[in-house]
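The values are calculated or read from the model by the stated rules, or taken from the named source; none is laboratory data. Given the structure is predicted, the values throughout are model-derived calculations rather than measurements. Positions of Cβ are generated from backbone atoms using ideal geometry, with glycine treated the same way; all protein chains shown enter the neighbour counts. Quick note on the areas: whole protein, heavy atoms, side chains included, nothing else; ligands and nucleic acids left out. Shrake-Rupley method; radii C 1.70, N 1.55, O 1.52, S 1.80 Å.
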Amino acid sequence: MSTMSAANSPAQSAPRQSERTRVLENRPVNLDGFVEEWPEVGMVAMDSPYDPRPSVRVENGVIVEMDGKQRADFDFLDQFIADHAIDVEATERAMALSPVEIAHLLVDPKVSRGEVLAVSCGLTPAALLEVVKTMNVVEMMMALQKMRARRTPANQAHSTSARDNPIQVAADAAEAALRGFRELETTLGVVRYAPLVAIALQVGAQAGKPGALTQCALEEATELELGMRGITAYAETISVYGTEPVFCDGDDTPWSKTFLASAYASRGIKMRFTSGTGSEVQMGYAEGKSMLYLEIRCILVTKGAGVQGLQNGSISCIGVPGAVPAGIRAVLAENLIASTVDLECASGNDQSFSHSDMRRTARLLPQLLPGTDFVCSGYSAVPNYDNMFAGSNLDSEDYDDWNVIQRDLQVDGGLRHVPEAELLAVRNRAARALRGVFAYLDLPPITEKEIEAVTYAHGSNDLPLRDVLEDLKAAQSVMDRGVTGLDIVKGLEAGGFPDIAEALLGVLKQRISGDLLHTSAILTPELTTLSAINDANDYAGPGSGYRPSGERWEEMKRLRHVVSARNPEQELG
C-alpha cells in the first residue's frame with residue numbers, strides 16, 4: 001500500500017493564515033495597485049539614477065550648456081526652456097547656490113516670496129529637482145504656504161453628467177457655485193453635446209453665485225471656438241509633456257502650444273496648461289528619467305510659454321505615481337515647483353486613485369493645509385458615477401466631510417455648508433433659467449417634470465431621459481447659427497432672469513479688461529478680479545498671511561448638525 005509523502009500532505013499545501021492577516025487583506029487599500037521601482041523605464045517618482053546633474057553655462061547671453069548637455073545636443077524642450085523659461089542674467093548666480101541653501105530660502109518665513117522668485121527664475125530642471133529632493137513633505141507644505149501666488153485659496157469643481165444632461169449640469173453647477181467653487185469645469189461623453197452642456201454650465205454657475213468662471217474640456221479646436229464665442233470663460237486642458245516623443249505623439253511642440261495659448265489670450269480668455277507627474281511613463285516614453293524631473297520640464301515649458309498657470313498634481317495619471325514609493329510626495333513637489341516659478345497652480349486632487357478613504361484624504365491634505373490657488377482642479381460636484389473625468393478623489397458625497405475638516409483645522413478649502421432650502425431653490429432656479437435660454441434660442445424644450453426632478457436629484461439616474469437625437473441636432477444648430485455669450489445673456493433677460501443675465505454680462509465684460517489674464521485670477525461674487533496683482537500672498541511666518549477669520553470663519557463654523565450649546569435640542573445648521 002502506497003503512502004502520501006509529507007511534502008504533499010493537505011496540512012502543508014495551504015499554510016494557515018492568521019485572522020488579523022485575513023482582516024487586513026480585506027481592507028480597501030489592498031485593492032489599490034502598487035509596483036516596485038523600475039528606473040530604466042521611468043517607473044520611479046523623483047530619484048532616478050538616470051536624471052541629469054544640474055549645470056549651466058552662458059556665453060554671449062545664450063545658455064550653451066544645461067544639465068550636462070551641450071546646446072548642440074538639446075532636444076526641443078531643452079531649447080525652449082533654455083531660451084524662454086530661464087532668466088539668463090540670473091542663472092549662473094542662482095545655480096551657484098546649493099540645493100540645501102535654496103531649500104532653506106523656500107522654508108524660511110523671513111525670506112520673502114519675491115526673494116525666492118529672484119533665485120528660482122534662474123534654476124534649470126535638474127536644479128529644481130535637487131532642491132525638492134532635500135525637502136520632506138512638511139517642509140514642502142511650509143514652502144507652498146509662502147509660494148502660492150494668490151493670498152486667498154480657492155477651489156474648482158467638475159460638473160458633468162453620464163448622460164450629458166444639460167439640466168443636470170446647470171443645477172449641479174448652481175449648487176457648486178453656491179457652495180463656494182469659483183471655477184467650474186465640464187466635459188462630455190458624447191462630444192457633440194458640448195454646446196448645450198457648456199451653455200448649461202455657464203447659466204447654472206451664474207445662477208448659483210455671480211462670477212464663477214466656467215470651461216468645457218474638449219479637443220482644442222472646439223474648446224477654443226466655444227471660448228471665443230463667449231460660451232466659456234477659461235481653459236486648462238491644453239496638455240504639455242516632458243519628453244519629445246510624447247509631445248510629437250500629440251502632434252505638438254512647445255511652440256505650437258504657445259501659439260494656442262496666445263490665441264486664448266488675444267480674446268481675454270483665462271487659460272492654464274495641464275501636465276502631471278507620470279504622464280510620460282504612462283505613454284511609454286519616459287526616457288529613463290524620473291517622473292518628477294520630466295514634470296519639471298513641463299512646468300518650465302509652461303513658464304516659457306507665458307501662460308499664467310498650470311493644472312498639475314498628476315491629474316489623469318495619478319495611479320502611476322500613486323503606485324511607487326514617494327509618489328504622492330512627488331505630486332506635492334510638482335505643485336510646489338509650479339508655485340515657486342510664479343505660476344498659478346490648480347493642484348490636482350481631481351482623479352480618483354485609491355479605494356481607501358484614509359489614503360484619499362492623505363493625498364488631499366498636503367494641498368489643503370498650506371492652501372493653493374485651486375486646492376482641487378476638479379472636485380466632483382456630482383456623484384462619481386456621473387463624473388466624466390474618470391471619477392474624482394472627492395465628490396458630492398464628501399461635502400460634509402470637507403466642511404468638517406475645514407472647521408476642525410481652521411483651514412480654508414473654499415467651501416461652505418448651505419442649508420437644504422437654499423440648495424433646492426438655486427437648483428430649481430438654474431433649471432428654469434436654462435429653460436428660458438433654450439426657449440429663446442429655439443432649442444428642445446425643458447419640461448416641468450425635468451425641472452422638478454433635477455431640483456431633488458442626486459445624479460443622472462434620478463432624471464427622466466431626454467430625446468438625445470433632438471438635443472444633438474440642437475447642439476449642432478448652436479454652432480451653425482453662431483450663437484454667442486451675448487445671445488445667452490439676451491435669453492436670460494427674455495426669460496425673466498435679469499440678475500443672472502447681468503452676472504453673465506459682467507463675466508463677459510471681464511474678457512475685455514484682460515484682468516483675468518493675471519496670475520491666479522478669479523472673480524468675486526461682486527464681479528471684481530482677485531489675483532496675484534491685488535491679492536498677493538503676503539505670508540511671512542506666524543501671524544501673517546491668509547487665515548480664515550471674521551465672517552469667513554463664522555461661515556466655516558456652521559455645519560449640518562451643529563447644536564446650540566445653550567439648548568442641545570436645537571440645531572443651528
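Taking helices (runs of 4 or more DSSP H) as the structural unit, those lying wholly within region 122-217 and holding at least 3 residues that are free of Cβ contacts under 8 Å to residues at least 60 places away in the same chain correspond to 194-208. Residues in region 470-485 that are of a type in the set (D, E, K, R) and open to solvent by 10 Å² or more (accessible area, probe 1.4 Å): Glu470, Lys473, Asp480, Arg481. Within region 404-431, residues that are in contact (Cβ under 8 Å) with a residue 12 or more places away in the chain sit with their Cβ atoms under 6 Å from residues that are among the acidic types (Asp, Glu), at 6+ positions apart or across chains, in these pairs: Arg416/Glu555; Leu423/Glu175; Arg427/Glu175. Residues of region 278-301 that are farther than 20 Å from Pro54 by Cα and either buried (at least 24 other Cβ atoms within 10 Å of the Cβ) or in contact with a strand residue (DSSP E or B) (Cβ under 9 Å, 6 or more places away or on another chain) (or both): Gly278, Ser279, Glu280, Val281.
Within region 378-389, can you find the residues that are closer than 26 Å to Ile337 by Cα and touching a helix residue (DSSP H, G or I) at 6+ places or on another chain (Cβ under 7 Å)? Hit for region 378-389 is Ser380, nothing else.
From Arg547, Arg560, grab the single residue that is of a type outside the set (Val, Ile, Thr), open to solvent by 20 Å² or more (accessible area, probe 1.4 Å), in contact (Cβ under 8 Å) with a residue 60 or more places away in the chain and closer than 30 Å to Lys303 by Cα. The conditions single out Arg547. If the condition is being at pLDDT 95 or above and part of a strand (DSSP E or B), then region 321-376 contributes Glu344, Cys345, Ala346, Phe374, Val375, Cys376. Among the residues of region 302-320 satisfying the criterion of being under 24 Å from Val88 (Cβ atoms) and part of a helix (DSSP H, G or I), which is least open to solvent (accessible area, probe 1.4 Å)? Across region 302-320, the extreme among qualifying residues is Thr302. Pull up region 237-277, narrow it to residues that are aromatic (Phe, Trp, Tyr) and touching a strand residue (DSSP E or B) at 6+ places or on another chain (Cβ under 6 Å), then point me to the one that is nearest to Leu294 (Cα to Cα). For region 237-277, the residue satisfying everything is Phe273. For Ala157, the conditions (1) within 18 Å of the chain's Cα centre (by Cα); (2) more than 23 Å from Pro370 (Cβ to Cβ); (3) open to solvent by less than 10 Å² (accessible area, probe 1.4 Å) are fulfilled apart from (2).
Considered as a group, the residues in region 503-528 that are charged (D, E, K, R) and in contact (Cβ under 8 Å) with a residue 60 or more places away in the chain include one that is most open to solvent (accessible area, probe 1.4 Å), and that residue is Glu526.
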